[in-house]
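Input: a single structure, listed below in C-alpha cells.
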Amino acid sequence: MRLHLLSLVFLGGLLFGKAQENSPNIILMIGDGTGLAQITAGMYANGNKTHLESFEVIGLAKTHSSNSLVTDSAASGTAMACGVKTYNGVIGIGADNKNKASILTLSKKKGYKTGLIATSSIVHATPASFYANVVSRRQYEDIAFQMSNSDVDFFIGGGKKHFDRRKDGRNLLKEMEGWKFTTSLNAFNKSTSAKVGYFTNDDEPVRIVEGRTPELKDGISSMFNKLTEKESPFFLMVEGSQIDWGGHANDLRYIITEYKDFDDAIGKAVAFVKENPNTLLIVTADHETGGLGISSGNIKNFNPKGGFVTGGHTASMVPVFAMGVGEETFGGIYENTAIFDKMLAVLSKK
Ligand code: MG
Ligand code: ZN
C-alpha cells in the first residue's frame, strides 16, 4: 500500500514536472503577398467571412529589406525565419554575409519536431528560408541539397525534380537516409517513418482552381497528426505561396481562390489552438504584391473588384495575427525581424 502511494506521488510529480517544462508548439502561417487588400478581397468573396476574425491580437510588420524598401520573399522570409534584415534574393544569410540559424533549426535543438508545407515547391524562397543558407534564391539544387541535410522532419510541397533530376547527376532521395518519400497524402499519413516528405509536384504545383492537391486544410491536418504523434512540441511553417502569384499576374480571381485555400487552413489551425492551448499561432505575410486596391464591388453578393499598381511587390506594412502562448507580444508596429524575436521568446519559455 505504502509502495503504491509512493508510486502515485512519484508519478504525479513526474507528470506535474513534465507539464511545467512543456515548451509551446509554434505555428507560423505565411500568406505570400497577402496584404490587407488581399485579405479583404478574400473575405468579401467568401461571403464576408475569414477565419482571421477569430484573432484578438493584431499587429503590423514593416517588410523592407536591408537594401530596398520593397522586399522580395527571400529577404522577408529570412527576416522572419532568422531575425535579420538582408539583401533581396538572399536566403538565410545576413547583410553581414554570415549564415544565420533559423527558428526551425533553433527549435530542433530544443527537441522540437519540425514541419514545412508550401503550395509552391519546397525549395522556393519562403520555405527555403527556414532551412537553407544561399546567396541566391535561384540556387534550387543547392537549396535541395541543404534540405537533404536539414533539421526538417516532415514536408509537403513541390519540386521533386530538384532532388532527383539534378545537373550533378545525384539522386538526393536515395542519399537521404531515414527519409520516406510519398506522392499522396494518404501515403504521407500512413508512413511510420520519423522523416517523411510528400512531393505534391515534380516542379511548381498548379493553381487550386486547376485541381491542386492536397488542399492546404488537409495538408495542415495531416501535419498536426504527424507532429503530435510523439510527446515533443513542434514548429510548423505553412505557406499559402500562390496568393503572391495571383498578385504578380494582377489576377484578382487567382488571389481570391488561393486566399480561400489558405483561409481554410487557418480555420484548422485555430481549431488546433483551441484544443491545444500550449501553442502559439501566427498568421502573417512576407509582403504585399500588386498594390491591390478594391475600388468597386457588389454589396449584395460581396463581389469585390479592383486594380493593381504594379506587377511586383509593394512596401506596405502587412498585418500580423497572433493567438495563444505569447499572443500579447504581437500588438503594435514592428520590424518583420521582431516576429523571429517573439517566436524565440516563446521557444525559450518553460
Ligand atoms: Mg513564397
Ligand atoms: Zn512575389
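The table below lists the values:
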item	result
Test: residue in the stretch 128-140 that is more than 16 Å from the chain's Cα centre (by Cα), basic (Lys, Arg) and within 16 Å of ligand 1 (Cβ to nearest atom)	yes
Residues being within 16 Å of ligand 1 (Cβ to nearest atom) and either touching a residue at least 60 places away in the same chain (Cβ under 8 Å) or of a type in the set (Val, Ile, Thr) (or both) - total across the stretch 250-269	6
Residue list for the stretch 139-160, filter: part of a loop (DSSP other than H, G, I, E, B) and either surrounded by 13 or more Cβ atoms within 10 Å (Cβ to Cβ) or at pLDDT below 95 (or both)	GLN139, SER150, ASP151, VAL152, ASP153, GLY159, LYS160
Matching strands (runs of 3 or more DSSP E) fully within the stretch 24-131 where at least 2 residues are touching a helix residue (DSSP H, G or I) at 6+ places or on another chain (Cβ under 9 Å) and within 16 Å of ligand 2 (Cβ to nearest atom)	25-31, 113-121
Residue selected from the stretch 207-247 under the condition polar (S, T, N, Q) and away from ligand 2 (no atom under 16 Å from the Cβ), by the criterion farthest from VAL346 (Cα to Cα)	THR213
Qualifying position, being in contact with a strand residue (DSSP E or B) (Cβ under 6 Å, 6 or more places away or on another chain), more than 16 Å from ligand 1 (Cβ to nearest atom), of a type in the set (Gly, Ala, Ser) and outside any loop (DSSP other than H, G, I, E, B), among SER316, SER295	SER295
Lone unmet requirement of (1) within 19 Å of THR34 (Cβ to Cβ); (2) touching a residue at least 60 places away in the same chain (Cβ under 8 Å); (3) touching a helix residue (DSSP H, G or I) at 6+ places or on another chain (Cβ under 6 Å) for VAL325	(1)
Residue in the stretch 161-180 that is surrounded by fewer than 23 Cβ atoms within 10 Å (Cβ to Cβ), in contact (Cβ under 8 Å) with a residue 12 or more places away in the chain and in a strand (DSSP E or B) present	yes
Per-region count, the stretch 87-118, residues crowded, with 24+ Cβ neighbours inside 10 Å and in contact with a Gly (Cβ under 6 Å, 6 or more places away or on another chain)	2
Filter pass, GLY211 being free of Cβ contacts under 8 Å to residues at least 24 places away in the same chain and either within 15 Å of ligand 1 (Cβ to nearest atom) or at positive phi (or both)	yes
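The values are calculated or read from the model by the stated rules, or taken from the named source; none is laboratory data. This is a predicted model, so every value here is computed, not measured. Here Cβ is always computed from backbone atoms with ideal geometry, including for glycine, and neighbour counts include all displayed protein chains.
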